[in-house]
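Every number here is computed from the coordinates shown, using simple stated rules; none is lab data. Everything quoted here is computed from the prediction, not taken from an experiment. A quick note on method: Cβ atoms are made from the backbone with ideal geometry, for glycine too, and the neighbour counts reach across all protein chains shown.
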Amino acid sequence: MISELQTINRFLASVDALETDTGAKEEHVAEYYRTQYVYPVRDDFVLARDFCLGADLVGYRKEYLILTNLGRAYLNLGVKKGKDHILEPNIKQKDFLSRKVFLVSENLDLVEKILYNFNKRPNGELYLSKTEISALENQNFLRLLIQLGILIEKEDVVELALQYLELLSVVISRTVMVITPEAFKKSEDQKMEVSRIAEEYVLESERKRLKNIGAIKQEKDIDYVATKNVAAGYDIASFNNKDSVNHDRFIEVKAGKLNPIRFFVSKNEFENAKRLKAKYYIYYVCMEDKKPKEIYIYQNPTEGVMKDPNFEIHTDTYEISEK
């Protein structure tokens with residue numbers, strides 16, 4: 001699967017530039033595709049060719065590549081600068097691709113698999129959290145749907161664009177779950193319960209750690225901040241050792257699976273981590289059936305785990321997930 005919409009324009013423009021009455025030789029199109037544009041090639045030629053063939057935007061006339069009527073109609077919606085097509089698709093081209101290519105045939109099957117995970121609000125809008133989106137398969141295809149405007153990114157959710165609700169009504173009726181307010185509350189209550197279990201597990205672990213190093217006074221003065229102030233940017237204020245006079249270990253507790261490690265950092269938490277630096281810790285509690293199994297500790301996360309090449313950082317949401 002291609003990863004950028006520009007790939008489509010780049011490939012079709014290459015065929016268009018070289019096409020004669022008989023068509024364009026594939027090896028010439030390949031060379032043109034790789035070398036004639038300022039923008040870097042993100043998808044290789046074979047990937048581009050196979051996608052455009054599968055979408056019926058190009059075809060073969062004997063051994064020559066030719067634009068189909070669909071491909072020609074798509075290019076004609078774009079803009080030319082001199083003899084060159086603008087590679088960034090405009091709004092008309094995006095809508096054309098959405099309705100003629102991405103929401104039909106085999107691609108519609110992929111869309112249906114994605115929409116199966118979506119939730120439905122009482123007003124009919126479809127949405128999925130960005131955390132859940134990042135866990136789905138076929139991320140290239142998802143990015144294409146976002147580039148097209150079929151899916152719309154918001155602060156913490158991804159929504160299906162309203163203009164495609166009617167077109168996808170049949171798919172939606174057989175795939176999308178309806179989340180009632182009662183079901184949503186139950187889900188949120190379960191998340192809160194898991195978070196509380198993880199926090200209490202970390203709290204007890206901190207008490208044991210301090211007791212074992214002789215920090216008896218500090219053990220008694222640990223502050224379970226989350227029970228008093230959910231906007232603090234951390235859940236527990238603890239101490240590093242028995243020489244600590246004031247709280248100097250600020251712990252944000254995250255709960256999740258061991259494989260893969262994945263957690264969300266809010267903007268408030270991120271700003272506190274950046275401010276507190278080495279005093280800020282993320283304790284990631286691996287849970288299994290609501291039971292804590294293991295703790296992973298990340299000190300100074302803005303300089304540590306968020307710059308670790310073994311983790312993928314989604315900077316728009318500060319989601320951190322193991323590769």
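Arranged from fewest to most other beta-carbon atoms within 10 Å of their beta carbon, Asp16, Asp235, Asp189, Asp56 become Asp189, Asp56, Asp16, Asp235. Listed options for Rg/Rh (Cα atoms, Kirkwood Rh) are (i) 0.99; (ii) 1.12; (iii) 1.03. The value calculated from this structure is the one marked (ii). Checking every one of the trypsin sites (Lys or Arg not before Pro) in the stretch 6-45 against DSSP loop status and a limit of 15 other Cβ atoms within 10 Å picks out Arg42. Phi-derived couplings, Karplus 6.51 cos²θ - 1.76 cosθ + 1.60 at θ = phi - 60°, listed residue by residue for the stretch 118-132: 6, 9, 10, 6, x, 7, x, 5, 10, 8, 8, 5, 5, 4, 5 Hz, with x used for Gly and Pro. Which of the GluC sites (Glu not before Pro) found in the stretch 81-155 are in a DSSP loop and have at most 15 neighbouring Cβ atoms, other than their own, within 10 Å? Answer in residue order: Glu125, Glu137, Glu155. Loop-resident trypsin sites (Lys or Arg not before Pro) (DSSP state other than H, G, I, E or B) in the stretch 101-176 with no more than 10 further Cβ atoms inside 10 Å of their Cβ: Lys154. Relative contact order for the chain: 11 percent, from Cα pairs under 8 Å spaced at least 6 residues apart, divided by residue count. Helix content alone sets the calculated 222 nm mean residue ellipticity of the chain: runs of n ≥ 4 DSSP H residues at -39500 (n - 2.57) each, divided across all residues, give -12000 deg cm²/dmol.
Legend: ranking of residues His85, His28 from fewest to most surrounding C-beta atoms inside 10 Å; resulting order His28, His85. Couplings 3J(HN,Hα) for the stretch 17-31, derived from phi with the Karplus relation 6.51 cos²θ - 1.76 cosθ + 1.60 (θ = phi - 60°), are 5, 10, 5, 10, 4, 8, x, 10, 5, 4, 5, 6, 4, 4, 5 Hz, where x marks Gly and Pro.
Binning the alpha carbon pair distances of the stretch 183-322 at 10 angstrom intervals from zero yields the distribution 12, 41, 36, 10, 1, expressed in whole percent. Note on Lys267 and Lys211: the model spin-label points, each 7 Å out from Cα along the C-beta direction, lie 4.2 nm apart. Think of the chain as having a plus end and a minus end, set by charges on the Cβ of Lys, Arg, Asp and Glu; of Tyr127, Leu167, Ile297, Ile297 sits farthest toward the positive end of this dipole. With each label modelled as a point 7 angstrom along the Cα→C-beta vector, the Lys277-Glu166 pair spans 5.9 nm. Within the stretch 118-158, find all residues whose amide N lies under 19 Å from a label point positioned 7 Å from the Cα of Tyr39 along Cα-to-beta-carbon. Flagged as within label range: 140-151.
A cut-off of 5 Å between modelled amide H atoms, ignoring neighbours fewer than 5 places along the same chain, links Leu151 with Ile146, Ala161.
Provide Tyr296, Tyr60, Tyr32, Tyr284 in ascending order of the number of other Cβ atoms located within 10 Å of each residue's Cβ, fewest first. Display every interim value, and only then the final one.
Details: Tyr296 15, Tyr60 11, Tyr32 19, Tyr284 23.
Starting with the residue having the fewest Cβ neighbours, the order is Tyr60, Tyr296, Tyr32, Tyr284.
Here the relative contact order of the stretch 6-88, from alpha carbon pairs under 8 Å that lie six or more residues apart, stands at 39 percent. Under the simplified labelling scheme, the Tyr60-Ile146 pair shows an inter-label distance of 3.6 nm, with each label point 7 Å from Cα along Cα→Cβ. For the stretch 195-202, backbone phi angles converted through the Karplus equation (6.51, -1.76, 1.60; θ = phi - 60°) give residue-by-residue couplings of 4, 5, 4, 5, 4, 5, 5, 5 Hz, Gly and Pro being listed as x.
Here's how it looks for Asp235: its modeled amide H is under 5 Å from those of Ile251, Glu252, Val253, which are all 5 or more places away or on a different chain.
Glu106 sits among other residues whose Cβ lies under 14 Å from its own Cβ, and their net charge, with Lys and Arg +1 and Asp and Glu -1, is -2.
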